[in-house]
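Asker: I have a structure I would like to understand better, so I am pasting it below and will then ask my questions one at a time.
The values are calculated or read from the model by the stated rules, or taken from the named source; none is laboratory data. Keep in mind that this is a model prediction, so the values were computed, not measured. Reconstructed Cβ throughout: ideal geometry from the backbone, glycine too, with neighbour counts over all protein chains shown. Please note that ligands, DNA and RNA were not included when accessible areas were found on the heavy atoms of the full protein model with its side chains. Shrake-Rupley method; radii C 1.70, N 1.55, O 1.52, S 1.80 Å.
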Amino acid sequence: DTEVTQTPKHLVMGMTNKKSLKCEQHMGHRAMYWYKQKAKKPPELMFVYSYEKLSINESVPSRFSPECPNSSLLNLHLHALQPEDSALYLCASSQESRRNSYEQYFGPGTRLTVT
Amino acid sequence: SQQGEEDPQALSIQEGENATMNCSYKTSINNLQWYRQNSGRGLVHLILIRSNEREKHSGRLRVTLDTSKKSSSLLITASRAEDTDSYFCATRTQGGSEKLVFGKGMKLTVNP
């Protein structure tokens, strides 16, 4: 199974709502990532989890809260978002290594609209 | 600023022709990867080339890396309509970070 799944596919939320994005992989990968992608732009890294611990936070506002409950799951909790946070949110996973590097497997993304 | 810069930003060719995309970067890298993406969906990994490699092949794909010029190129031979997509290069810098930095991307259109 080389698939990364993400739910929901689409999400519309108001600025006062609380919602969560979910990501799952069963490839035994120990590194998982959240990216944000605006239209016609490249993906921008938000967070990296390595062995279920947060290893990189790219100065993301606290209204985005990541969580890694176990090695297969990655969540992104959303609260009090702004319209400019509307984007495609991509989850990815890879084998984890500090010395080498491996390809990342991406999910199809959640298209988020903040109204 | 983006680590990788693809050149050209958009390319339109006929089926059967070769497509070449270039990527330049600024810092020392551990490796460089190429991905494709369809209509804002998830990215698909194409090929990874390490900093000590100069050329790599995978099917119709050929990637070169010139670390002295901090540049890479992706060649797709005998293009097909289904190669139409956006293509990104991404670099992992030296130092052990898992961070990938993506270039701005390039839109390839292969006309039947």
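Asker: Output the strands (runs of 3 or more DSSP E) that fall wholly within region B:70-112 and possess 1 or more residues being more than 10 Å from chain A (Cβ to nearest Cβ), or say none.
Answerer: Counting at least 1 such residues, we get B:71-76, B:85-93, B:106-111.
Asker: Condition test on A:Tyr51, is it among the aromatic types (Phe, Trp, Tyr) and more than 12 Å from the chain's Cα centre (by Cα)?
Answerer: So A:Tyr51 passes the test.
Asker: Would you check which residues across region A:11-58 are assigned to a strand (DSSP E or B) and of a type in the set (Asp, Glu) and list them?
Answerer: If the condition is that a residue be assigned to a strand (DSSP E or B) and of a type in the set (Asp, Glu), then A:Glu24, A:Glu44 are the ones that fit.
Asker: If you don't mind, there's one more thing I want to ask. In region B:27-69, what residues are in contact (Cβ under 8 Å) with a residue 40 or more places away in the chain, surrounded by 14 or more Cβ atoms within 10 Å (Cβ to Cβ) and farther than 22 Å from B:Gly16 by Cα?
Answerer: B:Ile29, B:Asn30, B:Asn31, B:Leu32, B:Gln33, B:Leu43, B:Ser51 - these are the residues of region B:27-69 that are in contact (Cβ under 8 Å) with a residue 40 or more places away in the chain, surrounded by 14 or more Cβ atoms within 10 Å (Cβ to Cβ) and farther than 22 Å from B:Gly16 by Cα.
Asker: If you go through region B:28-44, how many residues are charged (D, E, K, R) and closer than 18 Å to A:Thr110 by Cβ?
Answerer: Summing the residues that are charged (D, E, K, R) and closer than 18 Å to A:Thr110 by Cβ in region B:28-44 gives 1.
Asker: For region A:75-94: of the residues being out of contact with any Lys or Arg (no Cβ under 7 Å at 6 or more places or on another chain) and within 28 Å of B:Ile29 (Cα to Cα), which is surrounded by the most Cβ atoms within 10 Å (Cβ to Cβ)?
Answerer: For region A:75-94, the residue satisfying everything is A:Leu90.
Asker: Going through region A:95-110 one residue at a time, which ones are facing chain B (nearest Cβ under 8 Å), open to solvent by 40 Å² or more (accessible area, probe 1.4 Å) and either modelled with pLDDT of 95 or more or touching a Phe, Trp or Tyr at 6+ places or on another chain (Cβ under 6 Å) (or both)?
Answerer: The answer is none; no residue qualifies.
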